[in-house]
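The structure appears below as C-alpha cells.
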Amino acid sequence: MATTLSGQEVADAGLAGWTDLGDGLRTRVVTGDFTTGLALVAAIGAASEEAGHHPDVDLRYGRVDVRLVSHDSGGVTERDVALARTVSRLAADAGLTCDGAGLQRTEIALDTPDVAAARRWWAAFLAYEETPGSDDEVRDPADAQPPVWFQRSGAQEPRQRWHLDVWVEPGRLDERVAAAVAAGGRVVDRTQAPSFVVVEDPEGNRACLCTSRDRD
C-alpha cells in the first residue's frame with residue numbers, strides 16, 4: 001500500500017492545473033466538443049491501463065473532468081501525482097490545457113448528539129454505505145451524490161442541524177470568503193484557516209469553505 005501525501009506535499013509536487021479537493025486530485029480539460037473529449041478519454045484510458053492505476057473520468061460535451069485518488073491507501077499518493085503528469089501531457093499533446101482552479105466539491109453535514117444512530121438511519125434512507133476508514137460519514141456507492149457526514153453536538157446545545165462544506169482550491173479561499181461577506185454574510189470563525197473557514201449567511205445559517213491545507 002502506497003503512502004498518502006499531505007496537502008502540502010501535493011502542493012510541493014507542482015502539478016500545474018490540478019487541485020486537491022480533499023477527495024483526490026482534480027482537473028478539468030475544456031475540449032470544445034464531444035469528439036475531442038472522447039479522444040482524450042481514450043488516451044487517458046490507455047495510459048491508465050499501462051500504469052495499472054485508473055482515474056475517475058467524466059466526459060461531457062465540451063469538457064472532461066478527471067479525479068485521481070488511491071482508494072487502497074485512502075488518499076493521494078505518488079501514483080496519482082505521476083498519472084496527473086501523464087494526463088497533463090496527453091492534454092497538451094492534444095492542444096488542450098488542464099485547469100482545476102474553478103472546481104469545487106460539496107459535502108453535507110448533520111449536527112447530531114448520536115452519530116452512530118444518525119449515520120445508520122441516513123445510510124438506510126439514502127441507500128448509502130459507510131465510508132471505509134470513517135466512523136462519521138456515509139457515501140453513495142456509485143460516488144455520484146455528495147457524501148454525508150455527522151458532526152457530534154450536545155443534546156441540549158443550539159444547532160443548525162444541516163450545513164454545507166464546500167471544498168475549494170486553496171488559492172481561492174480568501175476570494176470565496178470575501179464574496180460571501182460582500183453578498184451580506186459574515187465570517188464566524190477562521191482560526192482553522194486555511195483548513196476551513198466558517199461563514200454565515202444573512203439569516204444566520206452557517207457553512208464552511210474548506211481546503212486541503214492544514215491549519216497555519
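Just a few scattered comments:
- Average Cα contact separation per residue, the range 83-184, under 8 Å, 6 or more apart, as relative contact order %: 33 percent
- In the chain, the longest principal axis of the Cα atoms and the axis of helix 173-182 are about 50 degrees apart.
- Relative contact order %, the range 1-122, counting alpha carbon pairs below 8 Å whose residues are six or more apart: 34 percent
- Neighbours of Ala2, meaning other residues whose beta-carbon lies under 13 angstrom from its beta-carbon, give a summed charge of -3 when Lys and Arg score +1 and Asp and Glu score -1.
- The share of alpha-carbon pairs in the range 82-164 lying farther apart than 15 Å comes to 66%.
- Farthest towards the positive end of the charge dipole of the range 111-177, among the residues Pro141, Val168, Tyr128, is the Cα of Tyr128, using unit charges on the Cβ of Lys, Arg, Asp and Glu.
- For the chain, the longest principal axis of the C-alpha atoms and the axis of helix 115-126 are separated by about 60°.
- Fraction of accessible area attributable to carbon and sulfur, the range 118-216 (%, probe 1.4 Å): 49 percent
- Angle in degrees between helix 78-93 and the longest Cα principal axis of the chain, rounded to the nearest 10: 50 degrees
- Intensity falloff of the range 30-87 expressed as log10 I(q)/I(0), Debye formula with alpha-carbon point scatterers, at q = 0.25 Å⁻¹: -0.97
- Remark: relative contact order (the chain) = 19 percent; criterion is Cα-Cα distance under 8 angstrom and separation of 6 or more residues.
- Protein heavy-atom accessible surface, 1.4 Å probe, per residue over the chain: 54 Å².
The values are calculated or read from the model by the stated rules, or taken from the named source; none is laboratory data. In this text, all values refer to a predicted model and were calculated from it rather than measured experimentally. Methodologically, a virtual Cβ is constructed for each residue, glycine included, from the backbone with ideal geometry; neighbour enumeration extends over all protein chains shown. For accessibility, only protein heavy atoms count, side chains too; no ligands or nucleic acids. Shrake-Rupley method; radii C 1.70, N 1.55, O 1.52, S 1.80 Å.
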